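Only one structure is covered here, and it is reproduced in the block below.
The values are calculated or read from the model by the stated rules, or taken from the named source; none is laboratory data. Computed from a predicted structure; not experimentally measured. Neighbour counts are summed over all protein chains in view; Cβ atoms, including those assigned to glycine, are modelled from backbone coordinates with ideal geometry. Surface accessibility is based on the protein's heavy atoms, side chains included, excluding ligands, DNA and RNA. Shrake-Rupley method; radii C 1.70, N 1.55, O 1.52, S 1.80 Å.
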Amino acid sequence: MTILFYIINHTKIVGIKKGVKMIYLDNAGTTKVSEHVKQTMLPFFDEIYGNASSLHSLGQRAKEYLEQARQDVAKCLNAKPNEIYFTSGGSESDNLAIRSMCKNALKNGKNHIITSAFEHHAVLNTLLDMKKQGFEITYLPVYENGIVRVEDLKNAITDKTFLVTIMFANNEIGTIQPVKEIGEICREKGVIFHTDAVQAVGHIKIDVDDMKIDMLSLSSHKFHGPKGVGALYVRKGIPFKAEITGGSQEKNKRAGTENLAGIVGMATALKDACDEMEQVSKKETILRDKLFNELSKISHSKINGDTKNRLPNNFNMSFEGIEGESLLLLLDDKGICASSGSACTSGSLDPSHVLLAIGLIHEIAHGSLRLTLSKYTTEEEIDKTIKEVPPIVEYLRKMSPIWDRLEKGELKHAI
């Protein structure tokens, strides 16, 4: 803690004085709003500002844009426009999907939910609340490669199972789950399948019809749209009830005046992301693999998660003998914005539940680095990052009494 205290105070002073241009590699946390999206949103602040529920001409004009945005979002998912409900983001969408299905289940005498061990906390904490209300939760293991096994899901389903909620792609290690196979099993068994696709939408192709997805959560700020807006896809015929009650917006499923500027911005960002997906994915994969290839040369380091079946923009490695918080602060001092895990839990001193779920011990999980790229990331920025990480790791290891004992053979290396 003394080392970390020194680094925090040092970087607060030095980082500000340098005034360096930051390299942003925390796009899984949030993304920059694109210029195109910003320009698209502007008219909805001072020209087309009517309430879409109003009958006057300005309100009806707003409604036209609202429904066009709904069509645009639906098209990117191969859904129907009337299956898209606008929300405030991924957390609300997850809550709405899970809590609503739980209400329906009680009527039918079912109480069993299946999820994975490394879901986002928007899912995990909601399920904990449901457990307090008498629901049984099964957490499927994700193994060292960070991928759920379809056989485990088959074996876990019982006659009491009414909901499977498994994320499309993990927010920390980027591993992509066998969503289509999961959807097919759930459809066959008559179980509702919800997927938190917040990290996947706009980055990889998603077809809710082909993949047999019943409910899907997404969030605008993960693909260069504005914060505070998202959507929930609900397949036609799936009954669900409002969690936020009041007016009749969103077909009585989500009360509150719609955030029209944000919704239009999200639809624009998603359309752009889908149009550019092949080109951006190819670029990000090349840069990501360059990071893996070069930083894997650091001794006693480990790639976290499957190396191939992962999001094109996701890099996650652990370095033995260091603390991730110290690494992040020293990278920040060099002008590089990075992460050691989910932004939602960055204030916690506990190791990532995702890294523990794939079998890492606490000491190794604490020394993790997550770098997530975007369409704006350049090769020059990646080269600078590759240059800066190794000496920082070496510096932190020299300061660590644990590393000294590892090198002397008094302790055994875990990597």
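Exactly one residue among Ser374, Ser339 is touching a Phe, Trp or Tyr at 6+ places or on another chain (Cβ under 8 Å), of a type in the set (Gly, Ala, Ser), closer than 29 Å to Ala122 by Cα and at pLDDT 90 or above, and that residue is Ser374. Of all residues in the stretch 170-203, those being under 13 Å from the mean Cα position of the chain (by Cα), open to solvent by 10 Å² or more (accessible area, probe 1.4 Å) and of a type in the set (A, V, I, L, M, F, W, C) number 2. Contact map, the stretch 109-138: residues that are without any contact (Cβ under 8 Å) to a residue 24 or more places away in the chain paired with residues that are of a type outside the set (Phe, Trp, Tyr) and surrounded by fewer than 20 Cβ atoms within 10 Å (Cβ to Cβ), Cβ distance under 6 Å, separation 6+ or inter-chain. Pairs shown: Lys131/Ile137. Counting the residues of the stretch 202-253 that are part of a loop (DSSP other than H, G, I, E, B), touching a Ser or Thr at 6+ places or on another chain (Cβ under 8 Å) and under 25 Å from Ala273 (Cα atoms) gives 10. The residues in the stretch 219-240 that are of a type outside the set (Val, Ile, Thr), closer than 20 Å to Lys103 by Cβ and within 25 Å of the chain's Cα centre (by Cα) can be counted, and the count is 4. Highlighted here are the helices (runs of 4 or more DSSP H) found entirely within the stretch 311-415 that include at least 1 residues which are among the small types (Gly, Ala, Ser) and touching a Leu at 6+ places or on another chain (Cβ under 9 Å): 324-333, 362-365. Screening Asp275, Asp350 for residues that are free of Cβ contacts under 8 Å to residues at least 12 places away in the same chain and under 19 Å from Ser374 (Cβ atoms) leaves exactly one candidate, Asp275. Among the residues here, Ala122 does not qualify as closer than 25 Å to Asp152 by Cα, touching a His at 6+ places or on another chain (Cβ under 6 Å) and surrounded by 19 or more Cβ atoms within 10 Å (Cβ to Cβ). Within the stretch 62-84, the residues that satisfy the criterion of being more than 22 Å from Asp275 (Cα to Cα) and crowded, with 16+ Cβ neighbours inside 10 Å are Ala62, Lys63. The residue list Lys387, Lys412 contains one member that is surrounded by fewer than 14 Cβ atoms within 10 Å (Cβ to Cβ) and modelled with pLDDT of 95 or more, which is Lys387. Which residues, taken from the stretch 204-218, are touching a residue at least 60 places away in the same chain (Cβ under 8 Å) and either open to solvent by less than 20 Å² (accessible area, probe 1.4 Å) or over 15 Å from the mean Cα position of the chain (by Cα) (or both)? Those that are touching a residue at least 60 places away in the same chain (Cβ under 8 Å) and either open to solvent by less than 20 Å² (accessible area, probe 1.4 Å) or over 15 Å from the mean Cα position of the chain (by Cα) (or both): Lys205, Ile206, Asp207, Val208, Asp209, Asp210, Met215, Leu216, Ser217, Leu218.
Each residue in the stretch 23-49 was checked for being of a type in the set (Phe, Trp, Tyr) and open to solvent by less than 40 Å² (accessible area, probe 1.4 Å), and 1 pass.
Say we look at the stretch 277-306 and pick out the residues that are among the charged types (D, E, K, R) and either in contact with a strand residue (DSSP E or B) (Cβ under 8 Å, 6 or more places away or on another chain) or part of a loop (DSSP other than H, G, I, E, B) (or both); which of these is least open to solvent (accessible area, probe 1.4 Å)? By that ranking, first place goes to Arg288.
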